[in-house]
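The values are calculated or read from the model by the stated rules, or taken from the named source; none is laboratory data. Keep in mind it's a predicted model, so treat the numbers as computed, not measured. Note that we place each Cβ from the backbone using ideal geometry, even for glycine, and neighbour counts take in every protein chain shown.
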């Protein structure tokens, strides 16, 4: 006789090491394999310590199960932090690896030590969608996050999922050190359009943010859309985001983000966000009075 499959509600989390192929190029096959194995062991240990269980490891990816979203999100943050401090990276002269993380909560089918169902498929979709150092969650987890301030969640989009209707996809912005404070400035009020867009010019490149490309990151590490060489910049220093027809600059750095508008206004952000309009300059990590070497020019439309 066949054993009955059990059903349950669970959070499924996937964590995938970013750019692991680069590790093999720099360290060689044997050392690279040992290094990736060490990282996977670290992720597995953190998952268990955070109240979860490891269902399987697949190459440079781990699949975990949690009973609630709070434990899963805390585990994802702890995984990032644990890899940042991993001594194995420094021993090989490598940068700590970044992670892609995606998770979803819903019904699963349990069979031995594995799980199946749409919840697994949605979580797997999110990890493929995530950028390095990004944690993506669905709206199904939000009720579990009682201690999470709304400022750490950014709604990215909704997508239809067969059997579940429209599923909201959020970014959990774990690297913000304090609650993001929205700064309002009289010169910026009431001047937005549903077709707002921004062009950023830096080091001979132009990067755009609009409703079709709603988000970029600025920082020192190579996963960013605009890479800053200055050591005063944080690894992921700031975000520029299109939200509901408006453009926002969001600082999540240690040294702040400095902003000068063409009309003479100036602003310093410290774990804060502000709307962007008009034209001006952005300096990650250094005041303009110091003549910073890395300045981003921006121009908003309309």
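The figures follow:
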read-out: Complete set of residues in the range 9-22 that are surrounded by 14 or more Cβ atoms within 10 Å (Cβ to Cβ) and either in contact with a helix residue (DSSP H, G or I) (Cβ under 8 Å, 6 or more places away or on another chain) or not in a loop (DSSP other than H, G, I, E, B) (or both); value: 10, 11, 12, 13, 14, 15, 16, 17, 20, 22
read-out: Number of positions in the range 276-294 that are surrounded by 20 or more Cβ atoms within 10 Å (Cβ to Cβ), in contact with a helix residue (DSSP H, G or I) (Cβ under 9 Å, 6 or more places away or on another chain) and at pLDDT 95 or above; value: 1
read-out: Which listed residue is under 28 Å from residue 143 (Cα atoms) and in contact with a helix residue (DSSP H, G or I) (Cβ under 8 Å, 6 or more places away or on another chain), from 32, 69; value: 69
read-out: Residue in the range 188-209 that is at pLDDT 85 or above, in a loop (DSSP other than H, G, I, E, B) and more than 18 Å from residue 252 (Cα to Cα) present; value: yes
read-out: Residue ranges of strands (runs of 3 or more DSSP E) in the range 91-171 with at least 2 members modelled with pLDDT under 85 and surrounded by fewer than 17 Cβ atoms within 10 Å (Cβ to Cβ); value: 153-161
read-out: Residue in the range 51-62 that is surrounded by fewer than 16 Cβ atoms within 10 Å (Cβ to Cβ), part of a helix (DSSP H, G or I), free of Cβ contacts under 8 Å to residues at least 40 places away in the same chain and more than 22 Å from the chain's Cα centre (by Cα) present; value: no
read-out: Output for the range 210-230, where each listed residue is in contact with a strand residue (DSSP E or B) (Cβ under 6 Å, 6 or more places away or on another chain), assigned to a strand (DSSP E or B) and in contact (Cβ under 8 Å) with a residue 40 or more places away in the chain; value: 215, 217, 218, 226
read-out: Sole exception among (1) loosely packed, with under 13 Cβ neighbours inside 10 Å; (2) not in a helix (DSSP H, G or I) for residue 25, by number; value: (2)
read-out: Set 57, 38: member being touching a helix residue (DSSP H, G or I) at 6+ places or on another chain (Cβ under 7 Å), at pLDDT below 90 and over 19 Å from residue 221 (Cβ atoms); value: 38
